[in-house]
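Here the structure comes first, spelled out in structure tokens, and everything after it is commentary.
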Ligand code: EAX
């Protein structure tokens, strides 16, 4: 009897110890609110990893600036106090200019090409390259193709943009794109509804889901389907934290995030037609056929600018544009 007791006690302690070692809490940061593209990825990841790890891994999502804007989230990920994030391309380029490669204007003609490149060897090279800045790049989900909105006038050509005050993400690349196009760009962290409403800025550019979820149709009259930048999210982990994980845990996290990304990309794309219809019904004047050749020609000099002069970044850009 005594031996049975000792054995059970031993098993109990052993099981507790195992669970205690395996149990892990992940803090995941996104800047936007529930219903946004970033949150859909984060929530799917949480669901999948909690299910697949049978509860050993739990995820707490910090959204709506609960732990700061994207720059602040990235700083915490670098330090390892936040373990993961779903981050748009913009502010990321201050941490690592390699991100400018995937945000290059008019890089992808459509979703299929974007998936092929970003899920393929080149995408892997970009993700790997983020390690030199303290990030473990896991995969890409999607913000989407960005379109211009403004509250001043219909825009069809780059000339129409001249002088418009456009909010851009906190990114040297995005600022330069809009300068080159002739606008007056102002970098500003997310969110920006009040600034648009008060007319501090005339316009902004974002994927269709943003106009819907953040109700920009209330305060922006004109939209132009510029699709000037395909904006992926970088689904990222803290490298410092990642290196403490066992290989099987790393694999589980990596796979769950990729599956969440694939789910979210489809979800986002499936809803775009309904969004456009809704935005029209809400009264937005939508320019479906802007002079994209003129836009492309204007931004062509970007590839030779200082933004891409870092040898690692330049080499990757050339491969990407090939
Ligand atoms: O993801 O800052 C931005 O313009 C982002 O695209 C926005 O947070 C939506």
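Readers should treat all values here as calculations from the given coordinates under stated rules, not as data from a laboratory. These figures come from a predicted structure and were not determined experimentally. Reconstructed Cβ throughout: ideal geometry from the backbone, glycine too, with neighbour counts over all protein chains shown.
Structure notes:
- Stokes-Einstein diffusion coefficient of the range 140-299, Kirkwood radius over Cα pairs, 10 °C, 1.306 mPa s, in µm²/s: 93
- Projected onto planes of every orientation and averaged, the convex hull of the alpha-carbon atoms in the chain covers 17.9 nm².
- Square roots of 5 times each gyration tensor eigenvalue, C-alpha, the range 60-173, largest first, Å: 27, 20, 13
- Helical content of the chain, expressed as a calculated mean residue ellipticity at 222 nm, amounts to -14000 deg cm²/dmol (DSSP H runs of 4 or more residues, -39,500 (n - 2.57) each, divided by residue number, nearest 500).
- Sorted ascending by nearby beta carbons within 10 Å, beginning with the fewest, 262, 99, 155 become 262, 155, 99.
- Cα-based helix-to-principal-axis angle, 2-22 vs the chain, degrees rounded to 10: 10
- Its residue count N sets the reference 2.2 N^0.38 Å, and the alpha-carbon radius of gyration of the range 234-315 equals 1.76 times that reference.
- In the range 102-231, the C-alpha radius of gyration followed by the widest Cα-Cα span (Dmax) gives 15.6, 45 angstrom.
- Extension gain, residue 318-residue 277: 0.36 nm per intervening residue step, less the Cα-Cα distance, totals 11.0 nm.
- Here 211, 169, 305, 240 are placed in order of increasing Cβ neighbour count within 10 Å, fewest first, which gives 305, 240, 211, 169.
- Cα-based helix-to-principal-axis angle, 311-321 vs the chain, degrees rounded to 10: 70
- For 45, 108, order by how many other beta-carbon atoms lie within 10 Å, fewest first: 108, 45
- Among 283, 29, 182, residue whose mean-square fluctuation peaks in a GNM of the chain (springs only between Cα atoms under 10 Å): 283
- Plainly put, the range 107-184 has a radius of gyration that is 1.07 times its Kirkwood radius, both from alpha-carbon atoms, as the Rg/Rh ratio.
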